[in-house]
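Okay, structure first, notes after.
Computed from the coordinates by the stated procedures, all read-outs in this text should not be read as laboratory data. Quick caveat, the model's predicted, so the values are computed rather than measured. Reconstructed Cβ throughout: ideal geometry from the backbone, glycine too, with neighbour counts over all protein chains shown.
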Amino acid sequence: MSTVEQTLIVPRTEASNVKTAANAAAPGTTTMRVQPVARALSPARAALRQFLRSPSGVAGAILLLALILATIFGPMLYPIDPLEIVGLPFSPPDADALLGTDYLGRDVLAGLIHGGRATMTVGAVAALITIVIGVSVGALSGFFGGWIDSLLVKISEFFQVLPPLLFAMVLVTLFGPRLTTITIAIGAVSWTSAARLTRAEFMRLRDLDFIKASRAAGAGNWHLIMRVVLPNALPPIIVSATLAIGVAILFEGGLSFLGLGDPNTMSWGLMIGQNRNYVLDAWWAVTFPGAAIFLAVLAVSLVGDGINDAVNPRLRRR
Amino acid sequence: MTLLTHLFGRLANAAMLLLAVLVLNFCLIHAAPGDPVQVIAGEMGGASAEVIAALRAKYGLDHSVLEQLFTYLHNVLLGDFGYSYYFNQPVLGLIAQRLPATLYLAFASVMVAVVVGTLLGVVSARRPNGLLSHAVTVLSLAGYAAPIFWTGLLLLLLFGSVWPILPVSGMADVVHPRTGLAYGLDVLEHLILPAATLALVFVAQYSRLARVNMIDVLSSDYVRTARAKGLPESVVIFKHALRNALIPIVTVMGLQFGNLFAGAVLVETVYSWPGMGRLVFDSILRRDYPTLMAVLFFSAVIVIAANIATDLVYRLIDPRIRGGSR
């Protein structure tokens, strides 16, 4: 057991060496004393430090945190039911309804605050499904190679042929526009890029010495995949997970826009979908939820870019 | 010869993939809750027992599932994609009517996106820390994060009510005869907003990509040699550097064709462009399964065709893979 653990340490030092090399190479970033401190930092903490140096990444993280807090605590502070009719339809923003009312006379601000929950949940859960499917397929494919790889690559190729949004749309039409269906459909159609990425990482890592050493020490396939290779393949997977959240939020919006939103749960996409025919009568009912989606996706992709730069020193020069 | 064998292999693979899409379609219809005939009858506004029996016989629902699958595949091979009860005509005809408008929109957007995106990328790569370079970065972020239907609605708002200088709906005014130069110009005018909306997303991607690649290529040895030879800067950039910087854009363009098509569906819905998007929207609303399934199938056809075309273009512009090593 201890030998296996020892082999686990190898890639870590390797990773921190890469970090030191990068720091030594970039003259502007010598605030970190190269050898001793870098050795003491775990790769995760080193990456966090690097992340905190990127202004756009930090801005994205703050924005994302603000949005998450608003969706968690907002409904308590602003307890107006987003599905309840509170005034005349198409009332422009005024003191009664700060952001106006929609085509039924429902409060747009309430929709924004309460609808964020559904949108963010769909985004997060669908991204989780995407990553679980993508990483499983990619890991098996890249780790075992051979016929398993050929088979899984064929399946991925098949899924890549179907435009994800159209495929999700067909699934939701067939199985009914409920939040769970929508979430599963989005997750089920968009995993191919995560699979491709994981497969490449696993193929690269599979033949490295520390994996061979671990195998020689008696580690089984399951242990190798989950405990040895996967942790080392994690950085690009985390980046792709962040991006998957953004894609899922955009998909939820797109599906709702096509009339496939869950009519019983307020979400940002649903607000746009239901009010889009009246955009010339009530610009506020469409503009604000769209801006909310925009900000959420922006925040997530800024964070994704920041993480990418932090864990991937080679690409930092952009 | 290698190219021909290669192409043949690609086509065989494409046929397999399309067969798989058809089987998937069939399975989805069968896995969906509810009896398809009941759904169709419901959409028709109720049907008598005889009509239901006739529908069952027509769809072969009184046979085993495997037999039904073969009937379905057989029909599709003969060009029968089923019958749309909402539009009251064969699905294939519906698609044939709508597809040209969508392709027109998609190609116009891609052309705009490639030209504008590449130019922006090239110009900003010359000064990686200049103002334009930062603008490209911001644009690519915004273009990625803004939902396409939302940008569409905002533009519709802008040009439909605030500053009404462009048509915001449909493909042509009804007053014109459907031929001649005036009609062509009218369609072009109607195309501006939808194409611009759709292009925006891809301009954002391509400009970022072109910028990164251009920065890479401009620091390579052969560009330095070209400059050292005393070639004018414009020749260095547009003749030497751009060719290499274009390769990744072609790749991404081919890979993104499915997304382009899906984006077109959303944009068409915003601007009532009479293509596949409207068809998709209406068939979702009426739960018109045969039409939806056919749309999914034909989008797969388009994606596969685009992939094969990309592959060929790729071979043309990149001599390294022309040998057919793959």
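Points to keep in mind about this one:
- Proximity of backbone amide H atoms, modeled 1.01 Å from N, is registered between A:ASP81 and no other residue at under 5 Å, excluding neighbours fewer than 5 places apart on the same chain.
- A convex hull fitted to the Cα coordinates of the stretch A:43-311 yields 140 cubic angstrom per residue.
- Applying Stokes-Einstein at 10 °C and 1.306 mPa s to the Kirkwood radius of chain B, computed over alpha-carbon pairs, gives a translational diffusion coefficient of 69 µm² s⁻¹.
- Cα-centre dipole for the protein assembly as shown with unit charges at Cβ (Lys and Arg positive, Asp and Glu negative), debye to 20: 3120
- Rg over Rh, two decimals, the stretch B:133-260 (C-alpha only, Kirkwood Rh): 1.12
- Principal axis box of the stretch A:78-176, alpha-carbon based, largest edge first, Å: 66, 25, 20
- Residue mean of other protein chain beta carbons inside 10 Å, B:256-266: 4
- Only one residue of A:LEU270, A:LEU255, A:PHE202 has its Cα farthest out toward the positive end of the dipole of the stretch A:43-311, where Lys and Arg carry +1 and Asp and Glu -1 on Cβ, and that residue is A:PHE202.
- For the residues of A:251-258, the average number of beta carbons from a partner chain within 10 Å of their own beta carbon is 5.
- Intensity falloff of the protein assembly as shown expressed as log10 I(q)/I(0), Debye formula with alpha-carbon point scatterers, at q = 0.06 Å⁻¹: -0.38
- Mean partner shielding of peptide B:140-146, defined as the number of other chain Cβ atoms within 10 Å of each residue Cβ, is 5.
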